[in-house]
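In what follows, a single structure is set out as structure tokens and then discussed.
The values are calculated or read from the model by the stated rules, or taken from the named source; none is laboratory data. In this text, all values refer to a predicted model and were calculated from it rather than measured experimentally. Glycine also receives a Cβ, built like all others from the backbone with ideal geometry; neighbour counts cover every protein chain displayed. Remember, those area values only see protein heavy atoms, side chains included, never the ligands or the DNA or RNA. Shrake-Rupley method; radii C 1.70, N 1.55, O 1.52, S 1.80 Å.
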Amino acid sequence: MNNTRTVQIAPSTRAESIAGVRAFVTVLSHEVMNTARNPVIAVIGIGQPLLYLFLFGPLLAGVSELGGVSSKDAYATFVPALFIQLALFGGAFVGISLVTEYRSGALERIFAAPVSRTLILGGKVVRDVLVLLAETLLVIGASLILGFRSDIEGLLSCLGLVLLISVAMSSLSYLLAITSKSEEALSSVFNALLLPIVLLAGVMLPMALAPSWLHTLSRFNPLTYVVDASRASVAGVFDNGQVLLGYLVAAVLAAGAFVLAARGFEQHD
């Protein structure tokens with residue numbers, strides 16, 4: 001008797017899957033073309049991390065050398081956290097484009113198309129991830145000029161965390177945009193929240209340098225574990241659980257934010 005079971009996909013299910021993939025590719029192509037026609041936002045987005053890298057990085061390296069730490073180690077601490085910061089700020093304000101589409105009436109026309117709204121959200125989020133990936137590669141190139149070094153395995157691990165945080169932030173931004181329909185509300189919320197989150201995650205300096213009360217407070221910030229994992233990845237330390245914990249936190253944030261945003265898209269009138 002042959003115990004091997006063959007899973008047969010019903011023709012209707014297969015056709016729906018193919019139609020879904022085609023719809024997703026169409027939505028993603030539309031979003032990528034929009035970005036290519038107006039790359040100003042993407043260019044502005046790369047400015048902040050480069051300013052931090054070239055105006056703050058050398059200062060940090062100089063201070064570290066006074067304490068007996070090499071500039072190479074200083075950049076290995078600062079640069080991976082800078083990637084996470086790029087994902088945070090890069091994704092936080094993408095929802096403004098959705099508000100613009102809503103005010104112009106373009107969003108209603110998009111939603112009227114026979115395409116799942118979750119696929120529309122997915123196309124926008126994947127477009128944002130691709131833009132962030134290009135920006136991160138540019139920052140990596142600039143960091144190498146200043147002395148940052150990492151092996152490929154560490155860089156790929158760090159990039160995986162960056163992309164998950166990008167999914168989480170873009171989804172949250174679209175969720176806030178479609179519920180508030182206000183650029184001011186979106187900007188006010190993220191401007192108020194991002195700075196304390198970044199500082200408490202130890203993006204600028206490791207929280208190991210903080211006093212005990214501040215270090216304890218930072219443990220309640222999920223981004224702290226992601227930043228720690230990014231530094232551990234670049235350092236090639238994969239056996240102490242930090243990278244695994246960081247990936248778990250980043251994956252939960254990304255999945256949770258995307259599900260909430262998809263629900264917001266589906267319930268939009």
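See the values below:
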| quantity | calculated |
| --- | --- |
| Matching residues, the stretch 193-246, being under 25 Å from Leu156 (Cα atoms), hydroxyl-bearing (Ser, Thr, Tyr) and open to solvent by 30 Å² or more (accessible area, probe 1.4 Å) | Tyr225 |
| Residue that is open to solvent by 20 Å² or more (accessible area, probe 1.4 Å), in contact (Cβ under 8 Å) with a residue 40 or more places away in the chain and within 19 Å of Leu86 (Cα to Cα), where the choices are Leu137, Leu164 | Leu164 |
| Those residues of the stretch 69-85 which are within 13 Å of Leu223 (Cα to Cα) and hydrophobic (A, V, I, L, M, F, W, C), in sequence order | Ala81, Leu82, Phe83, Ile84 |
| Some residue of the stretch 175-192 being of a type outside the set (Phe, Trp, Tyr), open to solvent by 50 Å² or more (accessible area, probe 1.4 Å), under 17 Å from Leu86 (Cβ atoms) and in a helix (DSSP H, G or I) | yes |
| Val227 being under 27 Å from Tyr52 (Cα atoms), at pLDDT below 95 and under 16 Å from the mean Cα position of the chain (by Cα) | no |
| Residue selected from the stretch 75-91 under the condition more than 9 Å from the chain's Cα centre (by Cα) and among the small types (Gly, Ala, Ser), by the criterion surrounded by the fewest Cβ atoms within 10 Å (Cβ to Cβ) | Ala76 |
| Output for the stretch 33-58, where each listed residue is more than 19 Å from Leu86 (Cβ to Cβ) and part of a helix (DSSP H, G or I) | Met33, Asn34, Ala36, Arg37 |
| Failed criterion for Leu59 (all others in (1) free of Cβ contacts under 8 Å to residues at least 12 places away in the same chain; (2) open to solvent by 30 Å² or more (accessible area, probe 1.4 Å); (3) more than 30 Å from Val234 (Cβ to Cβ); (4) of a type in the set (A, V, I, L, M, F, W, C) hold) | (3) |
| The stretch 157-191: number of residues that are farther than 19 Å from His268 by Cβ and among the aromatic types (Phe, Trp, Tyr) | 1 |
| Conditions (1) small (Gly, Ala, Ser); (2) closer than 24 Å to Leu156 by Cα; (3) at pLDDT 80 or above: number failed by Ala106 | (2) |
| Near pairs, Cβ below 9 angstrom, 6+ apart or cross-chain, from the stretch 207-228 (closer than 12 Å to Val249 by Cα) to any residue that is open to solvent by 30 Å² or more (accessible area, probe 1.4 Å) and of a type in the set (Lys, Arg) | Tyr225/Arg219 |
| Residue count for the stretch 231-249, restricted to those that are among the aliphatic types (A, V, I, L, M), over 18 Å from Leu205 (Cβ atoms) and touching a helix residue (DSSP H, G or I) at 6+ places or on another chain (Cβ under 7 Å) | 3 |
| Leading residue by the ranking (farthest from the chain's Cα centre (by Cα)) among those in the stretch 60-74 that are more than 19 Å from Pro49 (Cβ to Cβ) and part of a helix (DSSP H, G or I) | Leu66 |
